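Let me begin by presenting the structure, written as structure tokens, before commenting on it.
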Amino acid sequence: MNFPLVRFFCTLLLFSIFSLSGFAQREGHVSGMVYDSLAGVPLPGVSVKVEGGGTASTNLEGKFEIPVNKAGRYKVHCMMVGYKPLTVQIDSGDFKDIFMYESITQFESVVISAGKFEQKMEELTVSVEILKPDLIEQKNTNNMESVIDQVPGISMMEGQCNIRGGSGFSYGAGSRVLLLVDELPMLSADAGDVKWNFLPVENISQVEVIKGASSALYGSSALNGVINVRTAYPTPVPKTELSFSSGFYNDPLRDTLNWWGKNNPVFSHFNFFHSRQLGQLDLVVAGQLFSDEGFRMLEKEQRYRGNANLRWRSKKVKGLSYGINFNRMVTEGGLFILWQNADSAYIPQNYEVQIYSNTRTSLDPFLTYYTDKDARHSLRGRFYQTQNENNTSQSSLADLYYGEYQFQKRLKKDLTLTAGFTAVFSEVNSDSMYKHHTSNNYSLYAQADKKWKRFVFSLGIRGEFFRVDTAQTEFHIPAGQDTITLPVNPVARMGVSYKAAEHTFLRGSFGQGYRFPSVAEKFVSTTANSLKTFPNPGLQPEHGWSAEIGVKQGIKIKKWAGYLDVAGFWTEYRDMMEFNMDYYIPESITNPTLTDYINYFGAKSVNVGHTRITGAEVTLTGTGKLWKDLHMTVLGGYTYINPVNLNNDSAYTATFSDSGSSKLKYRWEHVAKLDVQLEWKKYSLGFSLRYNSFMKNIDRRFEDRLLYDVIPALELYILPGLKQYREEHKKGDLVMDIRAGWEMSKTVKMNVVINNVFNREYMSRPGDMMPPRNSSLQLLVRF
């Protein structure tokens, strides 16, 4: 553990606490803080009026303070576009927490934290999608991956997320999309990957997807975008939810895929959630139990997860709150990578699976203080431990320590300044897979957001230092015939939005990105189903930039409101990291034998050079009443990408399944998504559609003979039957899910969910056949 970092963090924490002591409340004022009732976050810009007295607007931190002439109890009216008007009573000299409820009939209601502070969605300078917890409930999901996959512009490949084609397939190592939980990174210290089942689906207030390079605000791994999962805090009314669900996998259309006979595999899960306010204490406890017999032979899974959020809102020090969040999950199961053949896609090659047991734990202390002068001080930390055990003697233990101090100030004339410092230390221990490695990451960042007339301007910059063992950040600056090398890599972003009409907004943005390779990408050495992965200690960081122009048009049809958004984007990478299938025979072997070619064949993360991804995207989101009691919510979009390789490297393109094409591997050029939810009185009906075009380029050696360039006649395949299967499925994949619900009473609701209604065969990555039709029944109890 990095003890200087811990001492720095603790000193900063104690200094902040002691500097706040002795703060006294003022008499002759009515004051308070206004929150969103669901998310529990402060609401800036709320209009507050004291009956018979003055008015004010809440500041950046959601606070207000209005002078009154004499002591007594006053009626205070709160109003904000997109929220239901609220009247509360406050005694002079008291400080009151107020919770406002969102009005779902107005599209102005959504505020998010793309700039690390609350903003209206239409004022953002970047593309952002919002997911509410209703969709998670309606789809009866036990894993956030299936919900994220419904977001326009996002593609999931065996747990790996990419936005607008920014990533290919990386075998679970490294990520260009940064996952945040309550604005804190949730990437593991070893693989730098995302485990979607670790996210607390039972306690989510909102999911925000920021598209495009976001390294200036969020650092390394935000090269392709950010997904921020915000958990909920209690409202004044205690809340308890229980969810019971069970289902089964239907038989595949092809009998050759059915390995289970008449004993269809079943799955079930139980979620619980409870939140309440106990005086000044906000308390949330939740958890999940999950069991799945698996549609793939021997790939069973069981997991247990529990989480808790605690926050104390101080009375003695107005504006001060602190607490800790906790999450722990234990998972056991089996996993395989390669199928037996195309007709036995749900059976592992040679009946070999990896039996694993994983434990993940996160512990997040935090302290937030809002001053009287429109300023906020925030201290946050995270301890994230990943422990992996398996039957292949490749266990690992990875610890990550994260600390961040952030200062935010709202100045006059709608100028918001945000600045901060982050420090990360991680340690990875593994006998054979990774061995022992340590890393450090330090960064400074600042951003200014300014509203001026119809414009919103945003400008941010970040300096980042990264080190893994002895390899560290190097930023080269040409200086005549010499080169100056700095240990800090700077990145910047800028953006502007313009209100062209009442509900029409134009935007443009440019952002740089920088990503240091994860421990797994540099040092992993493993074998799974006879497929080897080799280390590359010399792997270099990748750089890139992303630009976008777009227009967001508000739409209103009676009481239904939403947005139509059109965007064009351009992304480029330098020294792009990508796993490549090839021979990696050591230079010391000058005359390789057949055995050498077989032993040294596998995947390795390499720098493939210069790449470009351009495209366009159209999205439609909205909610509200269409007619009388008929309510409709829509989330949909279409994304086109043109991902190309700009290198003149014939050795690299020779590894493509279509070596005559410049298209990057593992991308879908056309992706379309649509989710519609209809609600009428006590009944609901919904459906989801997902379409991916044919994946033109993959690793050639997944399709062709393993040794096609050594012994062409040798019939040896990594994935037998894949080439023929892909030839027969060139029209792309269209998958549909449906759901229906019945609100049996105010406290009980029943949902029926059928996924993959037409029982389509489709793959996420080569050799990973997705589930056949599966049906489940869910019972929700709220009280």
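The values are calculated or read from the model by the stated rules, or taken from the named source; none is laboratory data. Owing to the predicted nature of the structure, the values given are computational and were not obtained by experimental measurement. A quick note on method: Cβ atoms are made from the backbone with ideal geometry, for glycine too, and the neighbour counts reach across all protein chains shown. Surface accessibility is based on the protein's heavy atoms, side chains included, excluding ligands, DNA and RNA. Shrake-Rupley method; radii C 1.70, N 1.55, O 1.52, S 1.80 Å.
Some points to look at:
- What the pair-distance distribution of region 583-724 shows, using all Cα-Cα distances binned every 10 Å from zero, is 9, 26, 23, 16, 12, 8, 4, 1 percent.
- In a reduced charge model with +1 at each Lys and Arg Cβ and -1 at each Asp and Glu Cβ, the chain shows a dipole moment near 3080 debye about its Cα centre.
- The relative contact order of region 707-783 comes to 25 percent, based on Cα pairs under 8 Å that sit 6 or more residues apart.
- Residue 758 accessible area, 1.4 Å probe, all protein chains in place, Å² to nearest 10: 130 Å²
- For region 186-199, putting each phi into the Karplus relation 6.51 cos²θ - 1.76 cosθ + 1.60 with θ = phi - 60° gives couplings of 10, 9, 5, 6, 8, 7, x, 10, 10, 10, 5, 6, 7, 6 Hz, in residue order, rounded to whole numbers and with x for Gly and Pro.
- FRET efficiency, residue 254 to residue 351 (Cβ-Cβ, R0 25 Å, nearest 0.05): 0.80
- Mean projected area of the Cα convex hull of region 221-331, taken over all directions, amounts to 11.3 nm².
- Sorted largest first by accessible area at a 1.4 angstrom probe radius, with every protein chain in place, the residues 700, 176, 376 fall in the order 700, 376, 176.
- Backbone amide hydrogens, once placed in the peptide plane, bring residue 658 within less than 5 Å of 698, excluding anything fewer than 5 places away on its chain.
- Residue 389/residue 73 FRET efficiency (R0 60 Å; Cβ-Cβ; nearest 0.05): 0.50
- Under the simplified labelling scheme, the residue 130-residue 477 pair shows an inter-label distance of 4.2 nm, with each label point 7 Å from Cα along Cα→Cβ.
- Too-long pairs where the Cα-Cα distance tops 20 Å, listed order kept, from 120/195; 435/522; 132/315; 120/450; 63/120; 532/604: 120/195; 132/315
- Of all aspartates and glutamates in the structure, those lying under 20 Å Cα to Cα from residue 49, and not within fewer than 8 positions of it along the same chain, are 27, 36, 61, 65, 91, 94, 97, 102, 372, 374.
- Per-residue [θ]222 nm for the chain (sum of -39500 (n - 2.57) over DSSP H runs n ≥ 4, rounded to 500): -2000 deg cm²/dmol
- Listed residue (487, 526, 448) projecting farthest to the positive dipole end of region 434-556, Cβ model: 448
- Cα lying deepest toward the dipole's positive end in the chain, options 217, 232, 391, charges on Cβ: 232
- Most to least packed among 598-605, 124-131 [average Cβ atoms within 10 Å]: 124-131, 598-605
- Apportionment of accessible area to carbon and sulfur, the chain, percent (1.4 Å): 59 percent
- Accessible surface ranking that places the most exposed of 91, 565 first, with a 1.4 angstrom probe: 91, 565
- Computed from the C-beta positions of residue 752 and residue 324, the FRET efficiency with R₀ = 41 Å rounds to 0.60.
- Cα centroid separation - region 173-218 against region 414-469, whole Å: 14 Å
- Note that region 306-314 has calculated 3J(HN,Hα) couplings of x, 8, 8, 10, 10, 9, 10, 9, 5 Hz, one per residue in order, obtained from phi through the Karplus relation 6.51 cos²θ - 1.76 cosθ + 1.60 (θ = phi - 60°); glycine and proline are x.
- Extents of region 521-564, taken as max minus min of Cα coordinates on every principal axis and listed largest first, are 60, 29, 11 Å.
- Nearest 10 degrees, 0 to 90: helix 3-20 Cα axis against the chain principal axis: 20 degrees
- Accessible solvent surface per residue of region 221-304, calculated while the other protein chains remain in place, 1.4 angstrom probe, Å²: 42 Å²
- Here the label points at residue 646 and residue 240, each 7 Å from Cα along the C-beta direction, are separated by 6.0 nm in the simple model.
- The chain: C-alpha gyration tensor shape, a/c 1.5 cut-off, then a/b vs b/c: prolate
- Given charges at beta-carbon only (K, R positive; D, E negative), |dipole| of region 228-316 in Debye: 760 debye
- Residue 745 paired with residue 419, simple spin-label distance in nm, labels 7 Å along Cα-to-beta-carbon: 5.8 nm
- Think of the chain as a dipole: +1 on every Lys or Arg Cβ, -1 on every Asp or Glu Cβ, centred on the Cα centre; then among 579, 319, 175, 319 lies furthest on the positive end.
- The accessible area of residue 680, taken with all protein chains in place and a 1.4 Å probe, comes to roughly 120 Å².
- A DSSP coil position with no more than 15 other Cβ atoms inside 10 Å describes the following GluC sites (Glu not before Pro) in region 620-727: 715.
- Taking every alpha-carbon pair under 8 Å whose residues sit at least 6 apart, the chain reaches a relative contact order of 11 percent.
- Cα gyration tensor, region 331-372 - rounded (a/c under 1.5), prolate or oblate: prolate
- With the highest mean first, a sort of the peptides 584-597, 516-529 on other beta-carbon atoms found within 10 angstrom per residue produces 516-529, 584-597.
- For residue 445, solvent-accessible area (1.4 Å; no DNA, RNA or ligand), Å²: 10 Å²
- Alpha carbon centroid spacing (whole Å) that separates region 546-576 from region 625-654: 11 Å
- Relative packing of peptides 241-248, 414-421 - highest average C-beta neighbours within 10 Å first: 241-248, 414-421
- Annotation: per residue accessible area for region 450-510 equals 60 Å², rounded to a whole number [probe 1.4 Å, protein chains only].
- Computed from point charges on the beta carbon alone (+1 for Lys and Arg, -1 for Asp and Glu), the dipole magnitude for region 472-576 about its Cα centre is near 720 Debye.
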